[in-house]
Amino acid sequence: MNLYFVPGVKREDRSRKLNSDMYKAGRTDRATGAAEGCWYCVQAKHKHEHIAAAHLRELKGVTVLCPRIRFKRETRIGITRVTEALFPGYLFAHFELARMHRVVGYASGVRCIVRFANRYPTIDDDTIAQLREHVGPKEIKEINYEPLRGDNVKVADGILAGLEAVVTQVLPARTRVKVLLDFLGRKVAAELERSSILLQGVHPLSVNADGDNARAE
């Protein structure tokens, strides 16, 4: 399964990815469930993925995977790091369906166990192992942006906040960049802290295995 996303991917597309690659990789059990435990996709209530995960982890016989990402985002108070579910609205749980269907389905924060008609799709162990490796033991993948020459960026902090610019030079020794921006109808060169800019038009999941932006120079 491809865990890396391309520029322009919308949040809802992550859910579509869940309905394709992961379910193709898994198998489908009948509503009665297998005798042994399997991995199932669980739909959480809106913005309640972490709450559902916490309550499910308290249940004996249930193992939970709730992968999340952390990245920089512009807010009213400037740039801040935010944490979101890798698959908004969904998480994964391993349990015996026939024995624990009701207790899992009614856990706090859970909307339902994902199913198609009377079938509950399962996810194979290899796919779960890939996800665990991707997000690490804390189940959070840090998404870092390293600016490249020619990047279209937005200044999100300081007196130039809100202006769009183009990176003309990266100054690694001083963790700063030189940019060219439009200011009062003129092209103006400026030197800014890397932490004060955000990449324009690229989804935070457009990264490689190291958590850095996967774009060619």
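For the reader, a short list of remarks on this structure follows.
- Of the residues making up segment 102-119, just one is at pLDDT below 95 and surrounded by 13 or more Cβ atoms within 10 Å (Cβ to Cβ), namely Arg115.
- Ala129 being loosely packed, with under 15 Cβ neighbours inside 10 Å, closer than 27 Å to Ala53 by Cβ and under 22 Å from the mean Cα position of the chain (by Cα): yes
- Some residue of segment 132-149 being out of contact with any His (no Cβ under 7 Å at 6 or more places or on another chain), at pLDDT 90 or above and of a type in the set (Asp, Glu): yes
- The selection criterion, being in a strand (DSSP E or B), touching a residue at least 24 places away in the same chain (Cβ under 8 Å) and either closer than 19 Å to Lys72 by Cβ or in contact with a Lys or Arg (Cβ under 8 Å, 6 or more places away or on another chain) (or both), holds for Ala190.
- Strands (runs of 3 or more DSSP E) within segment 7-76 that include 3 or more residues modelled with pLDDT under 50 and either over 23 Å from Lys138 (Cβ atoms) or over 21 Å from the mean Cα position of the chain (by Cα) (or both): 27-30
- Residues being free of Cβ contacts under 8 Å to residues at least 60 places away in the same chain and within 15 Å of Ser195 (Cβ to Cβ) - total across segment 160-177: 10
- Scanning segment 141-168 for residues that are exposed (fewer than 15 other Cβ atoms within 10 Å of the Cβ), among the hydrophobic types (A, V, I, L, M, F, W, C) and within 16 Å of Thr80 (Cα to Cα) turns up just one, Ala161.
The values are calculated or read from the model by the stated rules, or taken from the named source; none is laboratory data. Nothing here was measured: the structure is a model prediction, and the numbers come from that model. We place every Cβ from the backbone using ideal geometry, glycine too, and count neighbours over all the protein chains shown.
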